[in-house]
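Before any comments, here is the structure.
The values are calculated or read from the model by the stated rules, or taken from the named source; none is laboratory data. Model, not experiment: these values are computed from the prediction. Here Cβ is always computed from backbone atoms with ideal geometry, including for glycine, and neighbour counts include all displayed protein chains. What goes into the accessible areas is simple: the full protein's heavy atoms, side chains included, and nothing from ligands, DNA or RNA. Shrake-Rupley method; radii C 1.70, N 1.55, O 1.52, S 1.80 Å.
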Amino acid sequence: MNQPVDDKAARDAAAKARNGRNIAIGLGLAAFVVLVFIVTLVRLGANVAQPHP
Amino acid sequence: MSKTAAMTPDSISPDAPRSDAIQAARWQDYFQLMKPRVMSLVVFTGLTGLLAARAPVHPLLGAVAVLCIAIGAGASGALNMWYDADIDRQMRRTRGRPVPAGKVKGEEAATLGVVLSLLSVMFLGFAVNWFAAGLLAFTIVFYAVVYTMWLKRWTAQNIVIGGLAGALPPAIGWAAATGHAPLNAWLMVAIIFFWTPPHFWALSLYVTTDYAKAGVPMLPVVKGAKETRKQILIYSLILIPICLSPVLTGLGGPIYLAVAALGGAVFLVLAWRVFASKAGDAADPRVTDRALYEVDEDKHAAGAKAARNLFAFSILYLFALFAALLGEAVAGVPALELLK
């Protein structure tokens, strides 16, 4: 585990892991944005359906 | 015990991974920080609270509430893994966690915990209601600060008081559905709260040596196995009437009553067997991470079988109780209200 970081296999593994993290963050953010949008529609819809006097 | 004391060089196993040699972390390592098994339990109990309220809830908002409860639980798990990395490193059961294994830096775990805590509480507040969000915030702070940073290293009653954090999700679910938390919501909390001590102490009776090595003041380490067996029986005697009480208050129906009564009787028998056994008097050297749920007869196990039986059944009992509540709510089975 304490081998030099120049090791090619370690660098490849690090790049692959970073790629996976980036995809996971991207998908998570996209899902969050979509969820916020849909929740906004639901909450707005409920308020429009029951307007305050 | 202070956190500093737990990190003395003598107390760190020489074969433990060093945290200064960070490997390339995968996204799965960050997910592991959130304790997915705990999250699944929280999703189940939170969903049960949400549906047992029997209030009209928009399906999407209900799903958002459960998601926020799960993320909040995961966030507090990440904070726990950050703070407890020193003692996790010393126990077989926790040595492979991302921080002590050197896969994720402690600061990253802390950052993930804080960000997800804020995100889950704020989103629950804006999307559902602020009472539920407040309860979720209290749960996260209670687990990450009161339990992890204070109780766990200080008192043998750590899991009794700290168990409140794990018990609150049904009340959060109920609050998400209705905007308030009446007696029935707190009865569900009480069931998990009083279930936690016999459940964890049964486990600790046969992994005592690990807790002792890490300096965590679990009850068997501080007070001894005999006192632990007595406390298990006392808490079990308190637990079962509480499990039966939902049929008096209009929460549980006939299916729940059957599950609570029959399962409660078995629970008490198993707790009595632990009390009458010598579980915890001698360490069982065969216990490994994979053997936690295995029940095996061995003359040298010193009653470990009784403790393992109670530990395994306690999981089944809690699951059955909440599954009965959930099933009755979904199927529209009328609740009993024997007090009326």
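Considering region A:29-53, and only residues there that are assigned to a helix (DSSP H, G or I) and polar (S, T, N, Q), the residue that is nearest to the other protein chains (Cβ to nearest Cβ) turns out to be A:Thr40.
For first residues located in region A:11-28 and more than 8 Å from chain B (Cβ to nearest Cβ), partners that are exposed (fewer than 12 other Cβ atoms within 10 Å of the Cβ) and lie 6+ apart or on another chain with Cβ distances below 8 Å form the pairs A:Arg11/A:Val5. Screening B:Ser245 on (1) in a helix (DSSP H, G or I); (2) open to solvent by less than 60 Å² (accessible area, probe 1.4 Å); (3) modelled with pLDDT under 95 shows it passes everything except condition (3).
When B:Arg89 is tested against the conditions (1) among the charged types (D, E, K, R); (2) more than 14 Å from every other protein chain (Cβ to nearest Cβ); (3) in contact with a helix residue (DSSP H, G or I) (Cβ under 8 Å, 6 or more places away or on another chain), the lone failure is (3). Here B:Leu60 meets the list (1) out of contact with any Asp or Glu (no Cβ under 9 Å at 6 or more places or on another chain); (2) touching a residue at least 40 places away in the same chain (Cβ under 8 Å); (3) within 25 Å of B:Met188 (Cβ to Cβ) almost entirely, failing just condition (2). Checked against the criteria, B:Leu119 counts as open to solvent by 40 Å² or more (accessible area, probe 1.4 Å) and closer than 27 Å to B:Val189 by Cβ. The set of residues from region B:240-255 being within 18 Å of B:Phe193 (Cβ to Cβ) and touching a Pro at 6+ places or on another chain (Cβ under 7 Å) comprises just one member, B:Gly252. In region B:148-221, counting only helices (runs of 4 or more DSSP H) that sit wholly within it, the ones holding 3 or more residues that are at pLDDT below 95 and farther than 23 Å from B:Leu270 by Cα span B:158-167, B:208-214.
Please determine whether any residue of region B:138-146 is open to solvent by 40 Å² or more (accessible area, probe 1.4 Å) and either part of a loop (DSSP other than H, G, I, E, B) or of a type in the set (Phe, Trp, Tyr) (or both). Looking through region B:138-146, at least one residue is open to solvent by 40 Å² or more (accessible area, probe 1.4 Å) and either part of a loop (DSSP other than H, G, I, E, B) or of a type in the set (Phe, Trp, Tyr) (or both).
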